[in-house]
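Read the structure below first, then the notes.
The values are calculated or read from the model by the stated rules, or taken from the named source; none is laboratory data. Predicted model, so just to flag it, every value in this text is computed and none were measured. Cβ placement follows ideal geometry from the backbone for every residue including glycine, while neighbour counts extend to all protein chains displayed.
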Ligand code: ADP
């Protein structure tokens, strides 16, 4: 698969998944906030309902409800309207400018039939605040409250007043132990009012049961005539009894509570609260937007991918041309990573071209170096064949000399080839460089024209291949003798100075400053004709440098034309 296509596909995938995730998140958040809003609205509705229910439970008529409705409307910021079943307005917090009421009421306000969703009531769906004839007289209530308070003071319970005006003792902390206090039996006795009201209720209950031909069985709760008995969940009663009790209660309470009214709750202007458009049109719009974004992302990634791939293609083409032999091929390098790659390619290409040139030069040089001794040998042999030259000892000596030149050239080339291939093997061992210096100098001690001396300071221990190190120093000393006229001196010095330093100092012809950078190049000679006659191959210094570098060292030269040269080898100590 092409890089372009892969990049394109991955971008589309990323864009697609991010759109999907964003859409999902948005839906989640919106749904959450809608639910929260709905919950809040429901809680407000429930509280308005509860307050109006409270009013209806203790007032037999709605006549004075307007002020209450206005207060609640102001507090909740909603329009509240109450009407009778035939839609005659009882109270309305809106004014003449307010829009018409909706067709369906929000809820029916009836304390004898409480809406279980807006206000869960424990028994019979009758508002506990509707107490009707069970309402104690002030005297009874005060009397009971005083008695209850005395008990509460003793055992730590709290007095809570029921809607009927009867006190109840409540334990605030369930772990509190009852103190050993006197029980006030009177607190659990029905008052006069309650006795009367429950008598009425039991009569109504009996009427109801007799209509269904049921005998009123003596049940335990019949003795408990306080409102608590019908307020607490009852057991041991038949469904018929339960239904009759509820209807008897309603019958008894009807004249004490306000008649059922329709309640309408709307926003102050009458407008419905805004809803989120999740219709098909909305979904279609979201889909089109997502597709549009996807198309844009696709276009952008296509352009980017093209932009990225173009230089890579150029590089591929350049590499192909280079493989086909074009060494001069270069690519235009832009900024960035791919630009870096292009620059590396150009560097590599330049280096290859350079190597190629060197290789061609080397072959040319080798051929040139071989030609001179070979044509000398051929010349002498032809002369001998033609009888021009005598085949004597002198001829043999001449031929031998040329053959030695060839031999040395081939040996040097072999060393260089090994160094280039990295197969120049070193047999490194701990040695004293002073010994190497002594040995090389001793080999040239017999030289009559040039004085060769050695000067070393102490022991110069290092780890090196003694044969190769000797070859390197030997090359320098041979050169020094070669380029030093008769009567001059060559001094080889060894000392310790941030490693082992071996210096070959001569008082010879020296090297011109312009030539200094080239002395270590292959086949380079300051004076082409002269040196070849002196027997140098033009490879000596190149080999020396390779040998020294193979030991991890460096070789350098300083020189003054006419005064002499100094070659310095520096080798690392262990
Ligand atoms: P060659 O076999 O020609 O000596 P080298 O690589 O050993 O080849 O040296 C390269 C050239 O460097 C020599 O031809 C010579 O011109 C110059 N050279 C080397 N050593 C010295 C020296 N000690 N004094 C002057 N010139 C030197």
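A few remarks follow.
- For the range 470-492, the criterion of being under 30 Å from residue 358 (Cα atoms), under 59 Å from the mean Cα position of the chain (by Cα) and either in a loop (DSSP other than H, G, I, E, B) or within 8 Å of the ligand (Cβ to nearest atom) (or both) is met by none of the residues.
- Residues within the range 478-511 that are within 20 Å of residue 550 (Cα to Cα) and touching a strand residue (DSSP E or B) at 6+ places or on another chain (Cβ under 7 Å), tallied: 7
- Qualifying residue in the range 22-44 (condition: touching a residue at least 12 places away in the same chain (Cβ under 8 Å), out of contact with any helix residue (DSSP H, G or I) (no Cβ under 6 Å at 6 or more places or on another chain), closer than 30 Å to residue 304 by Cβ and outside any strand (DSSP E or B)): yes
- Of the candidates 116, 105, 133, the single residue that is under 19 Å from residue 257 (Cα atoms), surrounded by 13 or more Cβ atoms within 10 Å (Cβ to Cβ) and at pLDDT 85 or above is 133.
- Within the range 451-469, tally of residues that are assigned to a loop (DSSP other than H, G, I, E, B) and surrounded by 21 or more Cβ atoms within 10 Å (Cβ to Cβ): 1
- Listed by first and then second residue, the pairs linking a residue in the range 501-527 that is farther than 19 Å from residue 554 by Cβ and within 6 Å of the ligand (Cβ to nearest atom) to a residue that is modelled with pLDDT under 90 and not in a loop (DSSP other than H, G, I, E, B), with Cβ atoms under 9 Å apart and 6 or more places separating them unless they lie on different chains, are 525/531; 525/532.
- Among the residues here, residue 541 does not qualify as within 26 Å of residue 366 (Cα to Cα), away from the ligand (no atom under 11 Å from the Cβ) and in a helix (DSSP H, G or I).
- Residue check, residue 536 near the ligand (Cβ under 7 Å from one of its atoms), within 29 Å of residue 422 (Cα to Cα) and in contact (Cβ under 8 Å) with a residue 24 or more places away in the chain: yes
- The requirement of being in contact with a strand residue (DSSP E or B) (Cβ under 6 Å, 6 or more places away or on another chain), modelled with pLDDT of 95 or more, within 10 Å of the ligand (Cβ to nearest atom) and not in a helix (DSSP H, G or I) is not satisfied by residue 555.
- Test result for residue 146, touching a strand residue (DSSP E or B) at 6+ places or on another chain (Cβ under 8 Å), more than 25 Å from residue 245 (Cα to Cα), assigned to a helix (DSSP H, G or I) and free of Cβ contacts under 8 Å to residues at least 60 places away in the same chain: no
- Residue under evaluation residue 495, criteria (1) within 60 Å of the chain's Cα centre (by Cα); (2) near the ligand (Cβ under 9 Å from one of its atoms); (3) within 16 Å of residue 438 (Cα to Cα), criterion not met: (2)
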